[in-house]
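Values in this text are rule-based calculations from the coordinates and carry no lab data. No experiment lies behind these values; they were computed from the predicted model shown. Cβ placement follows ideal geometry from the backbone for every residue including glycine, while neighbour counts extend to all protein chains displayed.
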Amino acid sequence: MAESENTYVIDPENAGELARLMQQDRLLTQSMGGLLPEPGITLPEQGRVLDLACGPGGWALELAFEHPTIEVIGVDISRQVIDYARMQARSRGLENVHFHVMNVMEPLAFPDGSFDLINGRLLFAFMLPKAWPELLAECYRLLKPGGIVRLTEMEPMLTTSLAYQTWMAYMSEALKRAGQSFSPDGRHFGITPVLPRLVRQAGFSSVQLRASVIEWSMGTEAHYSVLKDSLIGLELLQPFLVKMGVATKEELERLYQLATAEMQQEDFCGLWNLLTVWGRKPGDLRAAETTGEKTS
């Protein structure tokens, strides 16, 4: 598969990024309607779940807590965040969740047919376009017949802040220059239009889509959480944008100050659009149907 190189656009072991990912995990799960809100996604009582690029483990930990009879495994390239996730599992007394240091752009050290469900959220932040078919082929290998792959991705947020939109445009262009975008013109991340096709081409059937929208306009419940997530992200993204040559450090600092002010104005409006795509590995589902399934 792809080279063993960390292509994440923000240093995953930065303390600020760790805090941001912890908060973002909770926000996404709540705003999307739960851990597995999609129709038809169920887990066998003794099922096994793999969480790709799990970060500090928020989703995996919550799934393990809600489903004590299943086993959840999270993998991430960062040893620091895996150590944190393991510490969280110990502190909560969760013995059915385990975390391992692995690069999802390389073959994963699990036998064929190991999992009932494989989950991944916002992988665009490090995935190379050429690595997507390879990752999905690996998911196909790792899933049991009838198992489900579930992926959630996004495009740049839509807001009324000119400074923030300028920053998002720089981010899209930087990903394009870095070879980490499907966009033909660098105006978007480009992952959401192609994701359903990629899942189908990997051999999955019954591919479905579900859109989620987080409104974070001024006065809404999500405003402060997404504002905080965005501002931390903007600050941590500066080195990547400067490295890609889309803007100078001085310009980005000026935009950061403007965006901070504009996103706290009374008439500020913002939407965070997410797309979840899931598909099933063809196979006999009768065994799963007779063991007593549990819906999240």
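Taking the Cβ of each residue in Ser172, Ser181 as the centre, tally the other Cβ atoms inside 10 Å and list the residues starting with the fewest.
Exposure proxy ranking, most exposed first: Ser172, Ser181.
Taking 35 Å as R0, compute the FRET efficiency from the Cβ-Cβ separation of Ala109 and Val213 and round it to 0.05.
Numbers: r = 37 Å, r/R0 = 1.06.
Efficiency for this residue pair is about 0.40.
Where in region 213-248 does the amide nitrogen come within less than 14 Å of the point 7 Å from the Cα of Thr160, taken along Cα to Cβ?
Once the point is set 7 Å along Cα→Cβ of Thr160, 216-220 turn out to lie under 14 Å by backbone N, inside region 213-248.
Arrange Glu62, Glu251 by Cβ neighbour counts within 10 Å, fewest through most, would you? Each step should come with its number before you reach the end.
On the way: Glu62 20, Glu251 14.
Result, fewest neighbours first: Glu251, Glu62.
Quick one: Karplus J couplings for region 211-216, per residue in order, coefficients 6.51, -1.76, 1.60, θ = phi - 60°, nearest Hz, x for Gly and Pro?
In residue order, the calculated couplings are 8, 10, 10, 9, 8, 10 Hz.
Under a straight-distance cross-link criterion of Cα-Cα below 19 Å, which aspartates and glutamates are reachable from Lys144, leaving out those fewer than 8 residues away in the same chain?
Here the aspartates and glutamates satisfying the reach criterion relative to Lys144 are Glu45, Asp51, Glu71, Asp112, Asp116, Glu134, Asp284, Glu289, Glu293.
Over region 33-78, what portion of Cα pair distances is larger than 13 Å, expressed as a whole percent? Don't skip to the end; give the middle numbers.
Details: 589 of 1035 pairs.
Distances greater than 13 Å cover 57 percent of the Cα pairs.
For the chain, find the longest principal axis of its Cα atoms and tell me its angle to the long axis of helix 131-142, 0 to 90°, nearest 10.
20
May I ask you to list the aspartates and glutamates whose Cα is less than 18 Å away from that of Lys243, ignoring any residue fewer than eight positions away on the same chain?
The reachable aspartates and glutamates, counting only those whose Cα sits under 18 Å from Lys243, are Glu5, Asp11, Glu173, Glu235, Glu251, Glu253.
Which pairs in the list Lys130/Lys281; Lys130/Lys176; Lys176/Lys281 are over 25 Å apart, alpha-carbon to alpha-carbon? Mind dumping the intermediate values first?
Details: Lys130/Lys281 21 Å; Lys130/Lys176 13 Å; Lys176/Lys281 31 Å.
Violating the 25 Å limit, Cα to Cα: Lys176/Lys281.
Just need the relative contact order of region 135-250 here, percent rounded to a whole number, with Cα pairs under 8 Å and 6+ apart.
Values: 90 pairs, mean separation 26.2, N = 116.
Relative contact order, region 135-250: 23 percent.
Please work out the C-alpha center-to-center distance from region 60-139 to region 255-282 and express it in whole Å.
Value for the Cα centre distance between the two parts: 25 Å.
Answer with one residue from Gly93, Leu27, Leu50: the one whose Cα lies farthest towards the positive end of the charge dipole of the chain, charges on Cβ with Lys, Arg +1 and Asp, Glu -1.
Towards the positive end, the residue furthest out is Leu50.
Under a point spin-label approximation (7 Å from Cα along Cα-to-Cβ), what is the Arg86-Gln265 distance to one decimal in nm?
Rounded to a tenth, the inter-label distance reads 4.9 nm.
How much of the pair distance distribution for region 15-281 lies past 35 Å, counting alpha-carbon pairs only, in percent? Show your work: numbers first, answer last.
Details: 5480 of 35511 pairs.
Counting pairs separated by more than 35 Å, the tail of P(r) holds 15 percent.
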